[in-house]
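Read through the structure below, which is laid out as structure tokens, and then see the notes.
The values are calculated or read from the model by the stated rules, or taken from the named source; none is laboratory data. All values derive from a computational prediction rather than experimental measurement. No Cβ is skipped: glycine too gets one built from the backbone with ideal geometry, and neighbour counts run over all protein chains shown.
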Amino acid sequence: MSSEELSSSITDWFFFNSWWLLLPFVMLLVIAAFIVAFVLLLYMISPLISPKPFKLNGAHVVVTGGSSGIGKSIAMECYRQGAFITLVARDETKLVLAKKEVEKCAINDKQVVLCISVDVSSDYGQVESVIKQAQEKLGPVDMLVNCAGTSIAGKFEEVDMDRFKKMMEVNFLGSVYPTRAVITTMKERRMGRIMFVSSQAGQIGLFGYTAYSPSKFALRGLAESLQMEMKPYNIYVTVAYPPDTDTPGFVEENKTKPLETRLISETAAVCQPDQVAKIFVKDTVQGNFNSSVGPDGYMLSALTCGMSPVTSITEGLQQIVTMGLFRTIALFYLCSFDSIVRRCMIQRERAKAADKRE
Ligand SMILES: NC(=O)c1ccc[n+]([C@@H]2O[C@H](COP(=O)([O-])OP(=O)(O)OC[C@H]3O[C@@H](n4cnc5c(N)ncnc54)[C@H](OP(=O)(O)O)[C@@H]3O)[C@@H](O)[C@H]2O)c1
């Protein structure tokens, strides 16, 4: 055998016996191709699982807690888009003032703002009856915004026991009652949007919120269950998670915050109600289940998505991809919050010891 023949037969032998070395690369290519095809397919069917479009122009929107803060800004945003508004709150004077502000946002002379004074947390019969009156005047409710709420901060052992009950009554039952009052008509009409205004404290439990947080976490459970029941009726539920927002309610809450809660809160910026309202209204109209504000809010919503519904493939994919990274960042936040709590405790104990010595 010549040397050329020998080298050629060695090359042949090498190719025949080493093709398997390429196998991992081929398999990787096939897997990558499958993933790309799968993602493309998901994007193609995305419009099929997304909620049908909903228009605010001419719609009847009921906003509980619409006389102040975030609720008032939500009412103004809906009015700017041509909606008819029912404002619900207890204080009649505040309601009248808010009505005037909302009316300034009109885009046509047919729009109407109706005011209803009721405590949304006291009695279901009463809430049902006022919602009925509103529907008689402005037509069936197309969108309900459950924004009436209140907060209190304080250390667990220092919060009055009746405040725990109050939080659940106003923040949880105060959302259940109006929702129950509109849902039958929405189901009959096979359309509707319901927004529950929770809080970032309804996504994470923080120092000082043992009474407030559970009432806001409860809204998430309500919303998830309700969404599963309502989806076949083309009714979409949104849970909105406001960050700290500059409102009269926020000013009141600040008066009760322990030092730890204040220091933890200060790690994030305070938002403006109009900015927050714009995002919540847009997400509710689109039928998105989660509505959050800013990068912190986005991270929290992705981290706490659990088994919550998705309304777009993009949202689901983003959650899958970002989960690990966001958990890592969250662990750093948790460490820094724990360290704030520890430092405050040490400071207090030193101050106590100094007092005793004097
Ligand atoms: N601002 C923030 O930083 C922040 C952060 C996270 C979550 N949130 C949530 O966002 C929502 C709005 O907060 P906000 O800061 O805008 O509060 P706000 O300025 O105090 O406004 C609260 C509104 O709810 C009404 N309301 C309270 N209790 C009610 C009841 N039992 N029945 C009927 N209406 C009632 C109030 O009117 P009357 O008092 O006249 O009834 C007012 O219109 C609340 O659910 C709050 O928990 C706020």
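For region 280-292, state whether one or more residues are within 10 Å of the ligand (Cβ to nearest atom), surrounded by 21 or more Cβ atoms within 10 Å (Cβ to Cβ), part of a strand (DSSP E or B) and of a type outside the set (A, V, I, L, M). Within region 280-292 (the criterion being within 10 Å of the ligand (Cβ to nearest atom), surrounded by 21 or more Cβ atoms within 10 Å (Cβ to Cβ), part of a strand (DSSP E or B) and of a type outside the set (A, V, I, L, M)), the answer is no, since none of the residues qualifies.
Of the residues making up region 152-176, just one is touching a Phe, Trp or Tyr at 6+ places or on another chain (Cβ under 7 Å) and either farther than 19 Å from Gly65 by Cα or surrounded by fewer than 17 Cβ atoms within 10 Å (Cβ to Cβ) (or both), namely Ala153.
The residue pairs whose first member lies in region 144-168 and is over 17 Å from Val118 (Cβ atoms) and part of a loop (DSSP other than H, G, I, E, B), whose second member is within 9 Å of the ligand (Cβ to nearest atom) and not aliphatic (A, V, I, L, M), and whose beta carbons are closer than 7 Å, counting only pairs six or more residues apart or on different chains, are Ser151/Tyr212; Ser151/Gly249; Ser151/Glu253; Ile152/Tyr212; Ala153/Tyr212; Ala153/Glu253. Out of curiosity, is Leu95 over 22 Å from the mean Cα position of the chain (by Cα), closer than 24 Å to Leu173 by Cα, in a helix (DSSP H, G or I) and in contact (Cβ under 8 Å) with a residue 12 or more places away in the chain? Against the criterion (over 22 Å from the mean Cα position of the chain (by Cα), closer than 24 Å to Leu173 by Cα, in a helix (DSSP H, G or I) and in contact (Cβ under 8 Å) with a residue 12 or more places away in the chain), Leu95 qualifies.
For region 123-134, the count of residues that are touching a residue at least 24 places away in the same chain (Cβ under 8 Å), of a type in the set (D, E, K, R) and in contact with a helix residue (DSSP H, G or I) (Cβ under 7 Å, 6 or more places away or on another chain) is nonzero. More than 17 Å from the chain's Cα centre (by Cα), more than 13 Å from Ser151 (Cα to Cα) and away from the ligand (no atom under 13 Å from the Cβ): is that true of Leu259 in this structure? The answer is yes for Leu259. Taking the criterion of being of a type in the set (Gly, Ala, Ser) and away from the ligand (no atom under 12 Å from the Cβ), the residues of region 71-129 that qualify are Gly82, Ala83, Ala106, Gly125, Ser129. The conditions of being within 15 Å of the ligand (Cβ to nearest atom), over 23 Å from Gln81 (Cα atoms) and not in a helix (DSSP H, G or I) are not met by Pro214. The condition of being among the aromatic types (Phe, Trp, Tyr) and in contact (Cβ under 8 Å) with a residue 60 or more places away in the chain holds for Tyr43.
Being within 23 Å of Lys282 (Cα to Cα), near the ligand (Cβ under 7 Å from one of its atoms) and crowded, with 24+ Cβ neighbours inside 10 Å, is that true of even one residue in region 242-251? Looking through region 242-251, at least one residue is within 23 Å of Lys282 (Cα to Cα), near the ligand (Cβ under 7 Å from one of its atoms) and crowded, with 24+ Cβ neighbours inside 10 Å.
Tell me the residue from Thr267, Thr247 that is of a type in the set (Val, Ile, Thr) and modelled with pLDDT under 95, please. Show your work before the answer.
On the way: Thr247 fails: modelled with pLDDT under 95.
After ruling out the rest, the residue left standing is Thr267.
Screening Lys100 with (1) assigned to a helix (DSSP H, G or I); (2) touching a residue at least 24 places away in the same chain (Cβ under 8 Å); (3) basic (Lys, Arg) gives one miss only, at (2).
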